[in-house]
1. Which percent, to the nearest 5, of DSSP beta bridges fully inside the chain are antiparallel?
2. Before I look further, what does the chain give for accessible area per residue, probe 1.4 Å, in whole square angstrom?
3. Grab the beta carbon distance between ARG243 and ARG76, set R0 = 25 Å, and tell me the FRET efficiency rounded to 0.05.
4. So what's the range 114-203 giving for Rg/Rh, alpha carbon basis, Kirkwood Rh from the mean inverse pair distance?
5. Using θ = phi - 60° and the Karplus form 6.51 cos²θ - 1.76 cosθ + 1.60, what ³J(HN,Hα) does each residue of the range 222-235 get, whole Hz, x for Gly and Pro?
6. Output the Kirkwood hydrodynamic radius of the range 131-275, Cα pairs only, in Å rounded to one decimal.
7. In square nanometres, what is the average projected area of the Cα convex hull of the chain?
8. So who's got an amide H within less than 5 Å of the one on GLU35, skipping anything under 5 residues away but keeping other chains? H placed 1.01 Å off N, in plane.
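The values are calculated or read from the model by the stated rules, or taken from the named source; none is laboratory data. Small disclaimer: the values here were computed from a predicted structure and weren't measured. Every residue, glycine among them, receives a Cβ derived from its backbone with ideal geometry; neighbour counts consider all protein chains shown. In case anyone asks, the SASA skips ligands and DNA or RNA and just uses the protein heavy atoms, side chains included. Shrake-Rupley method; radii C 1.70, N 1.55, O 1.52, S 1.80 Å.
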Amino acid sequence: MRRLFPVTEETVARAPGGAVNDGGPSGGAGAADREWSLAELAAAYAYPERANERRETWLRANMVSTLDGAAQHDGRSQPISCASDMRIFGTLRALADVVLVGAETVRREGYRPARARAEFAAARESAGQGEAAAIAIVSASLELDYSLPLFTSPLVPTLVLTGAAAAPDRVAAAEKAGARVVVAGDGMGVDPARAVQALAGLGHTRLLAEGGPRLLGQLVAAGVLDELCLTISPMLTAGDAQRISGGPSIPVPRRFELVSLLEEDGFLFSRYRRS
């Protein structure tokens with residue numbers, strides 16, 4: 001069953017692969033059973049409008065979780081995902097300036113560069129964006145496989161965020177592979193707040209974090225996460241898989257508010273923003 005969940009007077013959620021109001025994004029009588037267009041998805045997941053000429057940085061994360069809290073199955077998120085989840089995944093990438101991802105996730109998920117998509121070309125050009133989002137890898141050790149397409153064939157140079165104490169020879173290897181190394185921490189690791197500032201300094205203000213759990217936990221603990229797009233998969237996995245956010249707990253849980261909720265075939269596509 002496909003359902004519509006109105007969340008606020010301004011926000012009406014519709015299933016990305018199912019029921020959509022004939023009246024358009026604002027709703028209306030006479031629901032039609034059709035797939036959401038990419039343009040409608042892009043409008044629904046648009047980054048907040050800037051309040052002035054200077055665009056403020058906005059960091060959203062996109063994650064998937066089973067009913068029992070697993071963010072992965074056999075070390076990967078794909079088995080707990082679905083086709084509509086991947087459409088939203090692609091849309092979020094198409095809206096972003098840069099995709100932030102941990103080095104371990106790059107290794108586990110076989111990460112590839114973001115690709116240019118004709119459906120979003122005009123919107124990206126109008127927003128002053130390049131043809132595709134850059135991938136920014138967070139890595140303290142810089143132990144990366146430079147034979148991956150992320151380094152051999154990206155549309156835009158891959159960024160590598162690391163600390164000031166990173167081994168010089170590994171920094172040199174990353175740069176030789178064509179990556180742009182960005183220092184965002186005083187020690188070996190990356191400071192999340194400095195990472196956001198560094199990316200903004202490069203003109204990247206629409207930020208998208210895709211995990212993994214350790215990176216998301218660091219962003220939460222640092223208080224820099226503005227929005228979470230969470231797909232809830234109607235699956236149970238048991239086992240000892242990580243949940244979407246890991247690492248040390250914070251003193252007081254942070255409250256986010258529900259912005260929209262979509263449903264298709266038992267999958268829930270939720271959006272929460274910082275209260």
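1. Details: 22 of 48 bridges.
The answer is about 45 percent antiparallel.
2. Working: 13580 Å² over 275 residues.
About 49 Å² of surface per residue is accessible.
3. Values: r = 15 Å, r/R0 = 0.60.
The computed FRET efficiency comes out at 0.95.
4. Working: Rg = 14.1 Å, Rh = 13.9 Å.
Rg/Rh: 1.02.
5. Per-residue couplings from phi come out as 7, x, 9, 7, 9, 8, 10, 9, 10, 8, 9, 8, x, 10 Hz.
6. Working: mean 1/r = 0.0584 Å⁻¹.
So the Kirkwood estimate lands at 17.1 Å.
7. Details: hull surface 60.8 nm².
Quarter of the Cα hull surface area: 15.2 nm².
8. Here the answer is none, since no amide H 5 or more places off falls under 5 Å of that of GLU35.
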